[in-house]
Amino acid sequence: MSETVWLVIGFVGQGLFASRFIVQWLVSEREGKSVIPVVFWYLSLIGGLTLLSYALWREDPVIIVGQAAGAVIYSRNLVLIFRERRRRPRQPA
C-alpha cells in the first residue's frame, strides 16, 4: 500500500481512538455522572488495533508496544463486561 493510504489508516485509527473520550463525555453528561459505556471499549479496541497496524507499518516499537498492550486491556474489559451481563437475570420486556 502507498504511504498516503497508510497515513489515512493512521488518522482514522487516531480519530476512532480519540472519539471514545467524546462518547464517554456525552454519555456522562446525559447520565449526570461519570459513566464508561461499552462503546468506549469498542472504540478503544478498534482504534487501537488500527493504530497498531499503522505502527507495524512504520516499524515504531514504542507505539507497537503501547497499542498491543492496550488491545489486551480493552479486550479483557469487554470479556468482563459480557461475563457480568450473562450472570445477571434477564428483565422481562
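Converting phi to 3J(HN,Hα) with the Karplus coefficients 6.51, -1.76 and 1.60 and the offset θ = phi - 60°, region 22-35 yields 5, 4, 4, 5, 5, 5, 5, 4, 5, 7, x, 7, 6, 9 Hz in sequence order, with x at every glycine or proline.
Looking at region 23-93, which trypsin sites (Lys or Arg not before Pro) are DSSP coil and have at most 11 other C-beta atoms within 10 Å of their C-beta? Show your work: numbers first, answer last.
On the way: sites: 30, 33, 58, 76, 83, 85, 86, 87, 90; in loops: 33, 90.
Answer by residue number: 33, 90.
Counting only alpha carbon atoms, the long axis of helix 38-58 and the longest principal axis of the chain meet at about 10°. Pair-distance distribution of region 3-86: all C-alpha pairs, bin width 5 Å, starting at 0; shares per bin in whole percent are 3, 16, 21, 20, 18, 11, 7, 3, 1.
Gain in length, residue 53 to residue 84, computed as 0.36 nm per residue apart minus the alpha-carbon separation, to one decimal in nm?
On the way: separation 31, 0.36 × 31 = 11.16 nm, distance 3.06 nm.
Gain on stretching residue 53 to residue 84: 8.1 nm.
Every number here is computed from the coordinates shown, using simple stated rules; none is lab data. Computed from a prediction, not measured in an experiment: that's the story for all the values here. Here the Cβ is made from the backbone with ideal geometry for all residues, glycine too, and neighbour counts use every protein chain on show.
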